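Data first, discussion second: the structure below is written as structure tokens.
Please treat every number below as a calculation from the coordinates, not as lab data. Keep in mind that what you see is a predicted model, and the values were worked out from it rather than measured. Every residue, glycine among them, receives a Cβ derived from its backbone with ideal geometry; neighbour counts consider all protein chains shown.
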Amino acid sequence: MALLKGTLDVLVLKTLSWTPMHAFEITTWLEERSTGRLVVDDAALLQALHRMEERKLIVAEWGVTKNGRRARYYRLTTMGRAHLRAESERLVDHFDALTTVLAIRKA
């Protein structure tokens with residue numbers, strides 16, 4: 001399932017709330033936790049990471065993967081954690097409203 005517009009950033013922030021990760025680990029984490037129902041486009045993920053880095057929601061530094069390859073590891077900032085909290089609440093409320101409307105049965 002493709003991601004809904006506006007959800008990738010908050011999903012990446014949620015992922016990074018656990019531990020710093022590189023892009024492939026972020027994708028894998030999201031796909032595994034969604035039992036394969038979410039598909040993360042590589043280009044969209046990289047754009048989101050750069051966008052969030054510019055907004056100071058995340059920071060990146062070079063590291064070495066388990067396979068011995070260089071990769072940029074991203075971690076959440078204090079501002080990113082606050083943004084995650086606010087956006088999570090907003091999205092949960094939005095999806096609750098959608099679910100409420102979609103669950104209405106015709107009398």
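Counting only residues that are surrounded by 10 or more Cβ atoms within 10 Å (Cβ to Cβ) and not in a helix (DSSP H, G or I), how many does the range 90-107 have?
Total meeting the criteria: 0.
Looking only at the range 33-62, count every residue that is part of a strand (DSSP E or B) and either of a type in the set (A, V, I, L, M) or surrounded by 14 or more Cβ atoms within 10 Å (Cβ to Cβ) (or both) and tell me the total.
4
If you scan the range 67-89, which residues turn out to be touching a helix residue (DSSP H, G or I) at 6+ places or on another chain (Cβ under 9 Å) and part of a helix (DSSP H, G or I)?
Across the range 67-89, the qualifying residues are 80, 81, 83, 84, 87, 88.
Considering only residues that are in contact with a Lys or Arg (Cβ under 7 Å, 6 or more places away or on another chain) and more than 12 Å from residue 10 (Cα to Cα), which ones fall in the range 62-103?
Once the filter is applied, which keeps residues that are in contact with a Lys or Arg (Cβ under 7 Å, 6 or more places away or on another chain) and more than 12 Å from residue 10 (Cα to Cα), the range 62-103 yields 62, 64, 77, 79.
Output the number of the condition that residue 40 fails; it satisfies all remaining conditions of (1) under 22 Å from residue 91 (Cα atoms); (2) among the hydrophobic types (A, V, I, L, M, F, W, C); (3) touching a Lys or Arg at 6+ places or on another chain (Cβ under 9 Å).
(3)
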